[in-house]
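Engineer: Sharing a structure here in structure tokens format.
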Amino acid sequence: MTAEAAAESVRRLADLAERAAMDATQEQLNGIAEELGARPARIIFVGRFKNGKSTLLNALLADATHPVGASGPMVVDTLPATAVITGVRYAETPYVREWSLAGEVVDRDFEHFAEAAALAIDEADSRLKFGGVREFEVGYPARIAQRGAVLYDSPGLDESTARTLITHEYARQCDAVVMVYRNDAPMGAVEMAVADELAEAGVRVFTVINLFAGHLDDRFEEFAWNRLVRDRGGAGAQWCGQNLAAHGVYLVDALAAERAQRAGQQDDGLARLAERLYEFIAEHRERERVRPLIEQADALAAGIAEHAERRGQALREERVELTQRYGAVRPRLEALRDRPLRINRAFDEHRPQVEATLVHSFHSLINDVGAGLPDHLAGAELPSARLMTSSLQVKRLLREANEIADRYLNERIGHWGRTDAQRLLQEQLIELERRVAAEVGDLGNEIDGLYRELLALAPASGPVRASRLLTASLGSAAPPSPIEVARPVRGATLHTTSDSLALQAMFSIIGAAAVAIAPVSFLGAAVMIGPANAEARAKALAAQEADARLAKLAQVAEPALRLQVRDALDARQNELARLLDGMVVEEIRGIDGMVMLVARAEDARWRDLTDLGAVADDVGRERERLAALLAAGVAP
């Protein structure tokens, strides 16, 4: 199955919809054709800070369609450099855009990007610098992006709790992740746990060991084999010189590879990785992205064929009888224009329940986090507790206790966002879409009834129009089942990617409130605590400060959460209303057009019959092509 062939066929169907005077269907088919040619694979580079992610990405981007400069676009520094998610897309002419959390975009130059994308030395300065930035978008003429991919550079794991959560959330929404380790600081349990969790979430994981210390010896290769292959459900065999790349582990000296690429030479390690990524991009586009779009296009094509058949039947009808029946159904036909308003009522009635459910869950989370924090702190070890408890050491104890409390708050809130919030939102929206599906189904059945009455036909064998309306508006020909809680509801998930209707502004508020340590005079607190029992008192003070932040968070986050839920539902509501309104108008015009056709002269009617027959035949041929593409692309 090729996306290009499918897009070609869908564009021809859009032309046929235009010939059949089906404007809304033509618009949807053109949109599908555009999506078939524009759905890239999203690949994110993840790893601990200073593992060489940006350098590796620059090495891959160095294989460009034409020369663009002596260095790559990703910022590289001796200190941790990447502070904001940065996505690289294909563009003939390089560019940089800065996206804000509010969805606003500003064009930047690469000089500004080099300064703005890098971390400040002081964490407080970094928060001020990046507080309102969602991500950077970079256009670059890289071959790998031209093949159909967006490549994301990410903040390093463990560099900052808040930025680690952002990386984790973005990675879960990508199609593949390149986990980058380094050979002079072997892969640790935290990094490998992140890779395992992403793999369980359905993200394809590629593994790269960046060769900071030159060529690997057999001892390290055996260590890497045991850690990354044998002990993780791989081949299970002992090391005896196997090819790591054959098992998805690629050894690359990223810096040397970038230099080789820019000198027009090939680096074997990078070439093996690039070849596998190219294969993945092709597999992703052909098997995972194309099928649902083709199926949707086929449902719309069936509507064109049915429309042509109905109009052909109308042309064969006696003019007087058809005109009389048209007069009888016309008032009901006009009443259909108000039917999409019922969708608005369904959303208006259900919106408060969605908001209340998520807000209640969030407040429960805040209470649970506050109740569990003292025990968590009590069981945590403060490294400075082993040292003498001078006032300087007490300051360290306070700082360490606050850092542990911050990590705990961020991890619990991040876990809620990935699990409970997602589940509750999906449950509520599944129920909402069931109601919407019932309304859409009734509308389709009513339109079918008007057609049958107008043309004096026997009852249809199936809900043809209802099925088409459901497929076009909800992406499925049947209402969602109540047990399909895990099924994503289009346009209403808590994602943090740039193209979703995400509640990312809420997470920005939560992240800012959760990680911002309240101003504390460590010296004053140290004097107040004194050296005796300093560890316990430092933990108690950290818990008190965390409670204050949680109380403030509950106040700040609730209105933001309600607002973002409302915005997400409004976006879905407007999308559905627009689709249904367009299709209702299309159906009314279709019926009006049938009656007008009958009134035309016999020779014109004959030409129209011939053209409609040709439309139906052409639609049939395109549907056969789409079916063949689907059959050829089915994976075993």
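Engineer: What list of ³J(HN,Hα) couplings, whole Hz, do you get for region 367-381 from phi and the Karplus terms 6.51, -1.76, 1.60, once you set θ to phi - 60° and write x for glycine and proline?
Structural biologist: For region 367-381, the Karplus curve yields 5, 5, 5, x, 6, x, 5, x, 5, 5, 5, 4, x, 8, 9 Hz.
Engineer: Relative contact order (percent) for region 248-375, with alpha-carbon contacts under 8 angstrom and 6 or more residues of separation?
Structural biologist: Dividing the mean separation by the residue count of region 248-375 yields 11 percent.
Engineer: Please go through region 332-424 and write out the chymotrypsin sites (Phe, Trp or Tyr not before Pro) that DSSP classes as loop and that have at most 16 other C-beta atoms within 10 Å.
Structural biologist: For chymotrypsin sites (Phe, Trp or Tyr not before Pro) across region 332-424 that sit outside H, G, I, E and B with at most 16 neighbouring Cβ atoms in 10 Å, the list is empty.
Engineer: Please identify the GluC sites (Glu not before Pro) of region 310-374 that satisfy two criteria: DSSP loop assignment and at most 11 other Cβ atoms within 10 Å. Which are they?
Structural biologist: 318
Engineer: Working out 0.36 nm times the residue gap between residue 630 and residue 371, then minus their Cα-Cα distance, what length gain in nm do you get to one decimal?
Structural biologist: Extra length available between residue 630 and residue 371 comes to 87.9 nm.
Engineer: Is region 175-261 rounded, prolate or oblate when judged by the Cα gyration tensor, a ≥ b ≥ c being the square roots of its eigenvalues, rounded requiring a/c under 1.5 and prolate requiring a/b larger than b/c?
Structural biologist: Because a/c hits 1.5 or more and a/b fails to exceed b/c, region 175-261 counts as oblate.
Engineer: Sort region 43-93 into rounded, prolate or oblate with this rule: let a ≥ b ≥ c be the square roots of the eigenvalues of the Cα gyration tensor; rounded if a/c is under 1.5, and if a/c is not under 1.5, prolate when a/b is larger than b/c, oblate otherwise.
Structural biologist: prolate
Engineer: Using 0.36 nm per residue of separation minus the Cα-Cα distance, give me the extension gain between residue 112 and residue 334 in nm, one decimal.
Structural biologist: So the chain would gain 74.2 nm between residue 112 and residue 334.
Engineer: Under a 5 Å amide H to amide H cut-off, with H placed in plane at 1.01 Å, what residues pair with residue 44 once short-range neighbours are removed?
Structural biologist: Result for residue 44 returns 152, 176, 177, 178.
Engineer: Using modelled backbone amide H atoms (1.01 Å from N, in-plane), which distant-in-sequence or interchain residues come within less than 5 Å of residue 188's amide H?
Structural biologist: When sequence neighbours closer than 5 places are left aside, there are no close amide H contacts.
Engineer: Taking amide H positions as placed 1.01 Å from N in the peptide plane, with prolines and chain starts having none, which residues 5 or more places from residue 64, or on another chain, fall under 5 Å of its amide H?
Structural biologist: Distant-sequence amide H within range of residue 64: 143.
Engineer: Just to be sure I understand the model, the point goes 7 Å from the Cα along the line to the Cβ. What's the resulting residue 243 to residue 223 distance in nm?
Structural biologist: 2.6
Engineer: Residue by residue, what Karplus-based ³J(HN,Hα) values in Hz, rounded to whole numbers, does region 185-192 have, using 6.51, -1.76 and 1.60 with θ = phi - 60° and x for Gly and Pro?
Structural biologist: Couplings: 9, x, 3, x, 5, 5, 4, 5 Hz.
Engineer: Another question, if that's okay. Which ³J(HN,Hα) values in Hz, rounded to whole numbers, follow from the phi angles of region 624-630 under the Karplus curve 6.51 cos²θ - 1.76 cosθ + 1.60, where θ = phi - 60° and Gly and Pro get x?
Structural biologist: 5, 5, 5, 5, 5, 5, 5
Coordinate-derived values only; no laboratory data. Computed from a predicted structure; not experimentally measured. Neighbour counts run over all protein chains shown; Cβ positions are idealised from the backbone, glycine included.
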